[in-house]
Amino acid sequence: MKLNIYIKTALVVAAAGTMTSCNDFLDQEPQYAVTPEKYFNDESSLQYYANNMYTILASHGNWSYGIYGDDIHTDSQISLNYDGKYVPGNWKTSLDDGNWTFVNINTINYFFDQVLPKYEANAITGNTDNIQRYIGEMYFFRAYQYFSHLKTYGDYPIIEHALTDNEPELVEASKRAPRNEVARFILSDLDKAYDLLKGTTAAKTRINADAVKLFKSRVALYEGSWLKNFAGTAFVPGSQDWPGKAYHPDFAYPTGSVEAEANWFFDQAMAAAKEVGDAKVNSLTHNTGIVPQTEGATLSAIENKNPWLAMFGTLDLSGNPEVMLWRQYSQSLGVVHNVVVMAQHGNYGRGITRGMVDAFPMANGLPIYANGAGYHGDKTIADVRRDRDPRLYVMLKEPGQKNVLIANSSGDHAEPVEPYPVILDSNTERNYSTGYALRKGNSFDQIQCANGNNYTACPVFRSVEALLNYIEACYERTGAIDATADRYWEAIRARHQGLDQDYNKTIQATVMSEEAKGDWGAYTAGQLVDPVRYNIRRERRLELMAEGFRTADLYRWRSMDQMVTTGYHCEGFHIWNTPMEAWYNAKELKDNISSKDLSEYYRPHEAKATSEVKDGLKWTMAHYLRPVPIKQMMLTSPDHQTPSQSVIYQNPYWPIEPNLPATK
């Protein structure tokens with residue numbers, strides 16, 4: 001057994017020893033050939049340590065669809081297999097849980113324990129700006145890691161120093177802090193990071209002051225929305241049913257109430273987002289609305305046809321003013337991914353849903369169901385794209401379009417011409433799980449289509465998020481769209497050539513009962529939200545499509561309560577009784593996909609009558625947070641066996657015994 005709070009550092013030096021084995025209770029401290037006293041004395045050692053933390057940032061990974069598949073298991077993007085959390089009773093508590101980990105946090109704390117005293121004593125040699133930079137980066141990384149835990153567990157232990165092999169100290173440190181205090185701690189670390197980074201310069205492949213401000217706005221918006229939307233429930237500190245109540249009897253919000261605390265976070269989000277937004281609002285990457293289709297041109301000429309599309313599949317983002325931080329890949333160094341191959345095919349079986357497609361308005365700004373919208377229907381993918389929002393028109397692939405414009409024989413996994421959606425292939429790598437597929441992440445250069453050997457860049461932070469964060473925080477805080485939010489919203493619309501900039505036109509034509517059919521974000525706490533709030537959420541959904549924001553957004557908005565009683569049927573393209581039906585063998589369709597008696601739209605989760613979700617995806621309130629692993633509760637109890645006596649409390653509605661489902 002291990003108490004996953006003890007230091008497990010990652011001091012990466014050539015002479016470092018290996019980690020030793022652990023006893024039954026604690027991870028043991030690794031032994032090093034190079035001692036801390038002889039390390040951390042110059043800027044290069046700080047840089048080397050910081051470099052190894054960059055692996056925790058969003059990336060394209062190795063074999064999947066990278067960040068463009070990270071909205072999976074939501075109303076926006078699904079695979080053939082549904083997530084068990086949408087089947088009540090399937091998700092159960094466990095003894096162990098690798099998500100409850102302090103490895104990165106303790107690695108970073110070890111750095112601070114060793115470096116900060118030397119920094120304050122001016123005992124580190126090298127360029128002062130660089131020394132400050134690497135310390136600032138480490139504050140950012142601790143904040144980044146803590147935000148991941150905040151989203152996963154809510155209340156969480158706040159640990160600022162590496163811990164010694166002392167059981168009472170470890171048990172004390174295991175106590176969970178209320179989630180708002182965790183969020184405040186994250187913002188504090190980000191402020192420290194900003195102060196250290198604001199006077200430094202570096203390539204945009206390293207953390208920078210603007211990226212820190214953007215991330216601060218993300219964290220603050222998240223916590224403000226959570227506190228507002230879950231106020232009065234067991235998911236918010238201070239409420240009657242909050243599991244931490246007995247453990248924090250003197251808890252009080254610094255601002256006096258949960259409402260004031262939420263507003264404090266919204267204020268923080270607005271201030272941070274505005275710093276970035278005002279500087280970047282006029283430099284968003286332009287979407288010409290063009291899908292390049294001319295073969296034989298140079299790659300730069302092809303990318304210049306639509307810089308916005310190219311932003312998601314180019315080699316170098318250093319000159320892109322919208323991209324604030326990006327990850328570089330290199331074929332020669334073996335740092336590669338497979339995103340382009342997946343974008344050539346069916347997005348690694350992670351298709352966008354009918355609800356995602358239908359959320360895009362027409363180019364004239366009207367929702368597809370509105371009078372005068374000019375919607376052409378969805379009986380072919382060509383009809384779906386025609387006269388639509390340029391974001392959808394450009395990103396949604398259509399059979400017959402060219403995926404490759406520069407041929408290269410080494411790209412042996414290319415799909416030069418987009419086929420009919422491959423919905424009858426069981427191969428996950430090729431399957432079009434909804435019939436719809438995106439070209440987000442594609443390169444028209446076939447050299448990028450060697451299997452597992454793609455090296456296009458990955459955007460990590462884009463300034464458009466700051467604009468979206470400000471708009472939402474402003475409305476949640478004030479109930480109105482102020483002049484800054486108005487300017488930001490129009491700028492977002494204006495960067496997409498051909499899209500009506502008047503967002504109020506979309507708001508005024510919005511019918512919430514129609515939007516609710518395909519968008520969980522139409523709800524908060526089981527009730528439909530107002531059209532302004534919804535369209536702020538809609539704009540965010542469209543602008544950040546398939547980039548890994550959707551799950552966190554739906555959770556903080558509390559957008560699944562309605563699914564506790566009413567199942568949601570995930571659908572893809574309109575297959576039955578359309579010309580697209582003729583693309584496939586009639587018997588194979590009948591035998592392998594969902595019946596037309598259920599819906600004319602493809603329902604990938606309901607191909608079999610025995611499907612656990614034949615009545616739709618269902619929600620369980622406890623699933624807004626992950627259960628704390630039972631073993632950690634046992635180890636922090638006096639007898640190391642009884643979870644009920646632990647200093648760690650369980651999350652709402654989750655049992656304290658292993659292998660049991662949530663109670664509500």
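Cα-Cα over 24 Å: which of Lys151/Lys397; Lys198/Lys274; Lys517/Lys596; Lys85/Lys596? Result: Lys151/Lys397; Lys85/Lys596 exceed 24 Å.
For the peptides 373-382, 543-552, residues were scored by their other Cβ atoms within 10 Å and the scores averaged per peptide; the highest-first order is 543-552, 373-382. Positive-end ranking of Thr428, Leu467, Asn454 along the dipole of region 405-514, with charges on Cβ about the Cα centre, is headed by Leu467. Note that the chain, at 20 °C in a medium of 1.002 mPa s, gets a Stokes-Einstein diffusion coefficient of 82 µm²/s from its Kirkwood radius over C-alpha pairs. Put simply, the amide H of Arg462, placed in the peptide plane, has neighbours under 5 Å in Met324, leaving out anything fewer than 5 places away on its chain. Taking each residue as 0.36 nm, the span from Asn166 to Asp615 lengthens on full extension beyond its C-alpha to C-alpha distance by 156.5 nm. Identify the residues of region 135-164 with backbone N under 11 Å of a label point that sits 7 angstrom from the Cα of Tyr247 along the Cα-to-Cβ direction, or state none. Within reach of a label on Tyr247, which here means backbone N under 11 Å from a point 7 Å along Cα→Cβ, region 135-164 contributes 154-158. Full extension of the chain between Asn282 and Asn99 yields a length gain of 61.9 nm, computed as 0.36 nm times the residue separation minus the alpha carbon distance. Applying 1/(1 + (r/R0)^6) with R0 = 35 Å to the Cβ-Cβ distance of Leu598 and Thr663, what FRET efficiency is obtained, to the nearest 0.05? For R0 = 35 Å, the calculated efficiency reads 0.65. Given R0 = 41 Å, the distance between the Cβ atoms of Ser409 and Ile56 translates into a calculated FRET efficiency of 0.65. Computed on region 463-561, the Cα convex hull volume stands at 105 Å³ per residue. Taking every DSSP bridge with both residues inside the chain, close to 75 percent are antiparallel. Using a cut-off of 15 Å between beta-carbons, work out the net charge of the residues near Ala622 (Lys and Arg +1, Asp and Glu -1, Ala622 not included). Neighbour charge sum, excluding Ala622 itself: 0.
Taking the Cα centre of region 81-189 as reference, the dipole from Cβ charges on Lys and Arg (+1) and Asp and Glu (-1) amounts to some 440 debye.
Model label sites at Ala586 and Gln641, defined 7 Å from Cα along the beta-carbon direction, differ in position by 6.9 nm.
Less than 5 angstrom separates the built amide H of Glu571 from those of Arg354, Gly355, all sequence-distant by 5 or more or on a different chain. Here the Karplus curve 6.51 cos²θ - 1.76 cosθ + 1.60, taken at θ = phi - 60°, turns the phi angles of region 438-446 into couplings of 9, 9, 5, x, 7, 10, 7, 8, 5 Hz, with x standing for Gly and Pro.
Around Thr642, with a cut-off of 15 angstrom between Cβ atoms, what is the net charge of the other residues, counting Lys and Arg +1 and Asp and Glu -1? Mind showing how you got there, number by number?
On the way: positive: Lys631; negative: Asp639, Glu657.
That sum, taken over residues with Cβ under 15 Å, equals -1.
Going by the alpha-carbon gyration tensor, a ≥ b ≥ c the square roots of its eigenvalues, is region 332-479 rounded (a/c under 1.5) or, if a/c is not under 1.5, prolate (a/b greater than b/c) versus oblate? Here region 332-479 falls in the oblate category.
Suppose R0 equals 22 Å; then what is the FRET efficiency for Gln293 and Leu315 from their Cβ-Cβ distance, rounded to the nearest 0.05? Calculated value: 0.60.
Kindly rank 138-144, 628-634 from highest to lowest mean number of other beta carbons found within 10 Å of each residue.
138-144, 628-634
Judged by the mean number of other Cβ atoms found within 10 Å, the most tightly packed of the peptides 49-59, 263-273 leads the ranking 263-273, 49-59.
Only the coordinates and a few stated rules stand behind these numbers; no lab work does. A quick note: this is a predicted structure, and the numbers were derived from the prediction, not measured. Note that we place each Cβ from the backbone using ideal geometry, even for glycine, and neighbour counts take in every protein chain shown.
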